[in-house]
Every structure is written in structure tokens, then in C-alpha cells.
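**Student:** One structure, pasted below without further comment.
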């Protein structure tokens, strides 16, 4: 496909869908992907096709037809070529990386010792395309190289790291057990997000959590001011041991949701029911503590249990109020790690049950690597200003 303006590309997609319906969806995606790669080449070259520019860094050199295998089936694409440039087709590579990771993960899911021929047959079912036994073997070896280097890179400055975990089922010794996929989101002073690291362990106990932040610290992160925490004992103990003297913040959603559970809801006066949210909406910590005391006194008149709530759940939820208002909004809840976990889970479900920790780590690393690169190269940043 030649370089088009946006309306022409959209018109072509609309015609394909109108003529072929859902059967034309794969071809339509190919059209959009071609256009995206053309635009990416133009940006990398620093000049539009057939245009002279002092900023030009190379020259266009036609395109090369390729077939990309996706869950919808094979998609024919034309990869733009360029002279004088290193690889620039990151839009294509990000999607391909998780597809590559799925091949060995799916092929391994029937257990250790599965032949590459049988693994290929297994891998074809969810991928919707042919996968050879040699591809399975090569993919498993090649995939360990890129993500391993990515996991070992210096994470840079991340004042507000967000560690989290989710469960992933693996086959171990003939039994199916749940291992822990450990992740960390980093936010630099400019508001740019990244994923400093991922890990896999057999549990979320303190001994496992200690190893994860230790591996991050060994790579030289600096400027940690306020890591996120929650009610998980193992994670809290590990963070306390590794980050001595650094205050931890807790997401405000769980304490606010838990508070009404201490009191029968029908008996709650409106001003008492609104107490938890009013506490967390305070402009500063001093005002929040004043509102918290008022809410506790009101609750004591209804039931004794809410008196325990301020002491147990709230203090670390107020830590974030020491930050400038502009930095609080995205850090006050657990929405960010939850969305990351949902995306990782969506990808790992394609592979199904994994045979070991290494298979899980390989696939999760490939997915997280693509997400992190999208965050780091994209223009969207979180607000980190004082206002």
C-alpha cells in the first residue's frame, strides 16, 4: 500500500468491511497496519515521501511483503524499507513480540517433555495459523534473550513505585498450583510510566517479596520517595525491610470500601456513610485527620466496630496527602496496577496452563516489555506538577 492520507486509508477499510463483513476484518487490519508503518517510517526519516528536507535522515526504499500470524488468521502486510536507518518498525514489533511469546508458552502447556511437533499442533489452535516444530524450539531460545536484557536494565529514577502481584496457574509435580506474578510500575518525575521489572515466585510470602525489590535495587533505582503498599503482610514486611525509613502509601479505595462493612448499612446516617470519602477528599493531612476523628465519633454512636477502622486501615491511606495535589489523583487508587494485571492476564489466557515458572516469566516479560515501551515512547504522561 502506498502512503495515504488518513481519509483514504479509512475509506479502504470501510469498503472492505462493507463488502466482506467480518470476513474482511483481517484484511482491514492489514490496511491500517500498513498505514501506521508508513507513517512511522516518515517520522523516522524526518520527511514525507518525495519531499526534500534538511532534517531528512535517510531515504525510503520501497516495501517488503510479509505475512503476520494473528488470532484472526494470517494478515498480509507490506513493511516499509529505508536506507540509512536502523530498525524503526516498533509498532509492528510490539505486537509480534507477544505473538512470539505465545508460541512456546502454548506449546509447553501440556507439560514437560512434549514434542515440538505436538507443541506446534497445540499452538496452532488458539493462534489460528500454522506453527512448525522448529519455530517452537527457536522461539523458546530467542525469547529468553531480549526480555532477560530488558529485566536487567537500570530502572532509573522512580519516586513512586507501585509493586503488585497476581496469581497464575502452573503445573508443578503433577499438581496445578498458583504462582505469583510480581510486577512493578515506575513513574519518573516527569510523569512518564514504565515497568522496571517483573518476576515470578511460588508465593507472595515475605521471603519471595524480599527478592523482588532486592533485584530492582541491585540495578540502581534512585529517588524512591513513597512506594505503594497494601494490606498484604508479606509485601509490607518486605518493603519495610528493603526501604527503611521511606514512608509507604496505601490505595484509598480499599479502606473507603471496607469502612461501611463495620456497621449495618441500613443504620448508617447519611453523614456517617459519607465519612470515609470525606476523609480522603480532604485538601491536606491535617484536615483529613480532623475529619477522621469526627467520622469515628459519629460512628461510635451507631456501633463500636468503626472505632477500629481509623487505627487499622486509614493512616497509610493519608500518606499521599503529603504530596502536591497534582500528583495525588492517579496515585490514590490501585487502578493503574489493576489495569496492567488485566492486560497481562488477557494475554496469558491464550497460552493456558503453563508447565513451569520459566514459561510464565517468558510470556509475562514479553507482554510487559511491549506495554512498558508503549508508555515510555508515547506522549501521554501523568500529571506530576504541584497544582
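Only the coordinates and a few stated rules stand behind these numbers; no lab work does. The model shown is predicted, which means the values in this text are computed figures rather than measured ones. Virtual Cβ from ideal backbone geometry, glycine too; neighbours counted across all protein chains shown.
**Student:** At a Förster distance of 35 Å, what's the computed FRET efficiency of residue 36 paired with residue 225, Cβ-Cβ distance as r, to 0.05? Spell out each step's value before the answer.
**Tutor:** Details: r = 38 Å, r/R0 = 1.08.
Using R0 = 35 Å, I get an efficiency of 0.40.
**Student:** Take residue 287 and residue 343, extend 7 Å from each Cα along the Cα→Cβ direction, and tell me the distance between the two endpoints in nm.
**Tutor:** Inter-label distance under the simple model: 3.4 nm.
**Student:** Sorted by packing (mean other beta-carbon atoms within 10 Å per residue), highest first, where do 191-199, 281-289, 162-170 land? Intermediate values should be presented prior to the final figure.
**Tutor:** Details: 191-199: 21.6, 281-289: 14.0, 162-170: 19.9.
By packing density, highest mean first, the sequence is 191-199, 162-170, 281-289.
**Student:** Subtracting the Cα-Cα distance from 0.36 nm times the residue separation, let me have the gained length for residue 64 to residue 203 in nm, one decimal.
**Tutor:** Working: separation 139, 0.36 × 139 = 50.04 nm, distance 4.68 nm.
Length gained, residue 64 through residue 203: 45.4 nm.
**Student:** Next up: Report the label-to-label distance for residue 335 and residue 43 in nanometres (one decimal), using points 7 Å from each Cα along the Cα→Cβ vector.
**Tutor:** In this crude label model, residue 335 to residue 43 measures out at 2.5 nm.
**Student:** A follow-up question, please. I need the calculated FRET efficiency for the pair residue 177 and residue 148, taking r as the beta carbon distance and R₀ as 25 Å, to the nearest 0.05. Don't skip to the end; give the middle numbers.
**Tutor:** Numbers: r = 24 Å, r/R0 = 0.98.
Between residue 177 and residue 148 the formula returns 0.55.
**Student:** May I ask you to sort 77, 279 by Cβ crowding, counting other Cβ atoms within 10 Å and putting the fewest first? Mind dumping the intermediate values first?
**Tutor:** On the way: 77 22, 279 27.
Exposure proxy ranking, most exposed first: 77, 279.
**Student:** Going by how many other Cβ atoms sit within 10 Å of their own, how do 178, 53 line up, fewest first? Don't skip to the end; give the middle numbers.
**Tutor:** Details: 178 14, 53 10.
Placing the least packed residue first, the sequence is 53, 178.
**Student:** Let me ask something else about it. Please order 369, 336 by the number of other Cβ within 10 Å, starting at the fewest.
**Tutor:** Working: 369 21, 336 18.
With the fewest neighbours first, 369, 336 line up as 336, 369.
**Student:** Set the Förster radius R0 to 45 Å, insert the Cβ-Cβ distance between residue 356 and residue 322 as r into 1/(1 + (r/R0)^6), and round the FRET efficiency to 0.05.
**Tutor:** Details: r = 43 Å, r/R0 = 0.96.
Efficiency for this residue pair is about 0.55.
**Student:** Follow-up. Once you place label points 7 Å from the Cα toward the Cβ at residue 15 and residue 246, how far apart are they in nm?
**Tutor:** Rounded to a tenth, the inter-label distance reads 5.7 nm.
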